[in-house]
């Protein structure tokens with residue numbers, strides 16, 4: 001089994017096992033996202049997987065979570081649900097399909113964290129706006145296992161935005177989310193309800 005290392009320009013390092021057919025090329029269609037939540041629909045890549053979609057002609061790319069299904073097709077590989085602005089940045093063909101390259105980015109899921117593990121802690125999953133009303137004006141968050149006071153950098157995969165928050169509250173471990181954000185933090189990340197994010201602890 002191969003191991004893929006993905007290092008993005010923001011300094012996030014993701015490690016994980018690669019399953020068969022890590023990369024593929026084909027055509028993509030794009031649709032306007034009705035609620036500003038951006039995602040991709042694919043025939044076989046597991047729901048929740050992050051994929052990097054690159055416009056072969058222009059070299060522009062975006063990272064999206066797989067959130068839907070399309071029928072298997074030898075030519076049409078993916079449907080992209082994007083805001084109009086992101087579609088323009090990606091230089092998608094508005095009247096037809098666009099040739100793209102698709103690369104799967106492995107998920108890294110961590111569990112309970114001791115202080116000695118903080119330096120290398122990375123986690124990918126959903127972030128939501130939490131019930132942190134008393135701290136709504138600050139950049140705060142709730143996490144199930146990170147020690148209170150820990151500072152983490154959060155990157156929203158759908159738009160590349162990032163910010164730093166402080167863990168001030170404990171929440172229950174859940175499979176549908178990894179972190180709950182104050183309103184200010186969610187706004188800075190462009191999150192209206194939930195989004196796929198990667199969190200990484202800052203050096204302590």
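Key figures
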| read-out | value |
| --- | --- |
| Every residue from the range 154-198 that is assigned to a strand (DSSP E or B), crowded, with 22+ Cβ neighbours inside 10 Å and in contact with a helix residue (DSSP H, G or I) (Cβ under 7 Å, 6 or more places away or on another chain) | 165 |
| First in the range 174-195 and at positive phi, second anywhere and part of a loop (DSSP other than H, G, I, E, B), Cβ under 8 Å, 6 or more apart | 190/158; 190/159; 190/161 |
| Residue within the range 133-149 that is under 22 Å from residue 47 (Cα atoms), surrounded by fewer than 18 Cβ atoms within 10 Å (Cβ to Cβ), more than 16 Å from the chain's Cα centre (by Cα) and at pLDDT below 85 present | no |
| Hey, residue 77 at pLDDT below 90 and more than 30 Å from residue 173 (Cβ to Cβ) or not | no |
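The values are calculated or read from the model by the stated rules, or taken from the named source; none is laboratory data. Note that the coordinates shown come from a computational prediction; the quantities given were computed from them, not determined experimentally. Cβ coordinates were reconstructed from backbone atoms using ideal geometry, including for glycine residues, and neighbour counts include every protein chain displayed.
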